[in-house]
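Below: one structure, written as structure tokens.
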There are 2 protein chains.
Amino acid sequence: MKKRTPNLAEQTDGHGYLVHIAYDSVVFGFSGEKLKILVMEYHNTRLFALPGGFVGIHENLNDAVRRGLKERTGLSDIYLEQCYVFGDVKRHKPEILKAILQANGYKPKKDHWLLDRFISVAYYALINYELVTPRPDALSDSCEWYDLDVLPELILDHASIVQKALETLRKNLDEQIVGMNLLPEKFTMKDLQQVYEAILDEPIHRTNFQRKMLGSGLLVRHAKQYSGKAHKAPYLYSFSGKKK
Amino acid sequence: MKKRTPNLAEQTDGHGYLVHIAYDSVVFGFSGEKLKILVMEYHNTRLFALPGGFVGIHENLNDAVRRGLKERTGLSDIYLEQCYVFGDVKRHKPEILKAILQANGYKPKKDHWLLDRFISVAYYALINYELVTPRPDALSDSCEWYDLDVLPELILDHASIVQKALETLRKNLDEQIVGMNLLPEKFTMKDLQQVYEAILDEPIHRTNFQRKMLGSGLLVRHAKQYSGKAHKAPYLYSFSGKKK
């Protein structure tokens, strides 16, 4: 009979994973109005965290993150960017990991690999909100969308990770690859402006925005579908570029 | 008598360092004409590599990089940016590390920590070329400035690391914090244009560049020092912002 593969908590020596290396992901989705991210809650702890994970010893770092995101979102073709490596000593708080393991019925020894120091590679992902039903992992009760402005208190330095991801996303906005991954295939100019406003957290001047977007050469405008009210319906656009 | 601290090669179990985690740094300097980077050559190997290193178990990641750069350049207040984490499995080539260790007189066992898989956090640094006399480390013969367009063949994926650092540097150019760290305190508009041209590897239109820079609010223009030829001397500028 094949043995069950031990889970992360049972693998007390980190066997199968690169010790000291974790990743955390800030998964952005756009509800049509608000920018949201996925947050996990650990069983019986009231501890909230970003979806994260570890890298198999024979696994590429980026693939490990894609695997984790697929497990939580069901999506396999996700737009993903590294944003920063969090490597300070002070982020090492073994008591928090210990509490999570204990709440799941484990009694980790002092030298359990999950209680050791980790650096975390932070990623952000942009996904189409409508396509996703978030799924918790084995140690978690829930994986849910939260508005960026009403996040629960997050463990460790996860609030800083969210902040850094948001900064990087804003910085990358000018490359105009961002909206593409957060919107449905066809959208109105207003939809696009709303994504930008949600990301930048400030109102944008409509005319300037429209001029900039139309001048970017990245949009394809579709012919209007005529119906009774057709003359009032806004144009629909899609992106001409390929997804990254 | 105090024992000598074992060096990286002697510490066969990586004791004192985080296993699996390295950093590599692309140290940019500007000669006044060319963009250059620091490259090390390992003893008796003809193997060339970026200056890199490891993170002490009680040391912040960013501090480890600053420590390594200080050892190689003597400078302690260096402008530093993370640019990417190289985490693919295929970058693991223990035979290269083995050759370097052997050329230094070590006979590493198969489970020597330096022969294990590492992910590498890539950084770029911007330093004032004139202030630096590069210094090799214990395993290296030399640490020298190389023109970006005549680099020797680099080990592992270090050529990709240089490329990524250059891309990130170019992307960050618009934040106009870059020239500040590559130029002496006072410089002419032409000096500044030459840094930008060296980084972008393309000529820039003088008038547009000047307008953009003057419009940025980041430059302070200094009064001309009058001498016999003063009416021909160009204005000198410095940056009004603080170094990061």
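The values are calculated or read from the model by the stated rules, or taken from the named source; none is laboratory data. No experiment lies behind these values; they were computed from the predicted model shown. Cβ: placed from backbone, ideal geometry, glycine included. Neighbour counts: every protein chain shown.
Computed quantities for the displayed model
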read-out: Extreme residue, nearest to the other protein chains (Cβ to nearest Cβ), among residues of the stretch B:15-57 that are among the charged types (D, E, K, R) and within 14 Å of the chain's Cα centre (by Cα); value: B:D24
read-out: Criterion: modelled with pLDDT of 90 or more and more than 11 Å from B:V27 (Cα to Cα) - qualifying residue of B:D157, B:D141, B:D137; value: B:D157
read-out: Candidate set: the stretch A:67-91, residues that are part of a loop (DSSP other than H, G, I, E, B) and of a type in the set (G, A, S); chosen: the one nearest to the other protein chains (Cβ to nearest Cβ); value: A:G87
read-out: Test: A:N60 is more than 15 Å from A:E130 (Cβ to Cβ) and within 14 Å of chain B (Cβ to nearest Cβ); value: yes
read-out: Of all residues making up the stretch A:107-141, the number that are more than 30 Å from A:L35 (Cβ to Cβ), touching a helix residue (DSSP H, G or I) at 6+ places or on another chain (Cβ under 9 Å) and surrounded by 14 or more Cβ atoms within 10 Å (Cβ to Cβ); value: 6
read-out: Meets criteria (more than 24 Å from A:R170 (Cβ to Cβ), in contact (Cβ under 8 Å) with a residue 12 or more places away in the chain and surrounded by 20 or more Cβ atoms within 10 Å (Cβ to Cβ)) for A:I96; value: no
read-out: The one condition in (1) closer than 29 Å to B:L114 by Cβ; (2) at pLDDT below 85 that B:K244 fails to fulfil; value: (1)
read-out: Single residue of the stretch A:127-144 satisfying the filter (in a strand (DSSP E or B) and out of contact with any Gly (no Cβ under 6 Å at 6 or more places or on another chain)) that is farthest from A:E95 (Cα to Cα); value: A:E144
read-out: In the stretch A:109-126, the residues that are away from chain B (no Cβ under 14 Å) and either in contact with a Lys or Arg (Cβ under 6 Å, 6 or more places away or on another chain) or in a helix (DSSP H, G or I) (or both); value: A:L114
read-out: Test: B:L69 is under 17 Å from B:I161 (Cβ atoms) and surrounded by 20 or more Cβ atoms within 10 Å (Cβ to Cβ); value: yes
read-out: Residue satisfying all of: in the stretch B:92-107; under 25 Å from B:R135 (Cβ atoms) and not in a helix (DSSP H, G or I); farthest from the other protein chains (Cβ to nearest Cβ) among these; value: B:G105
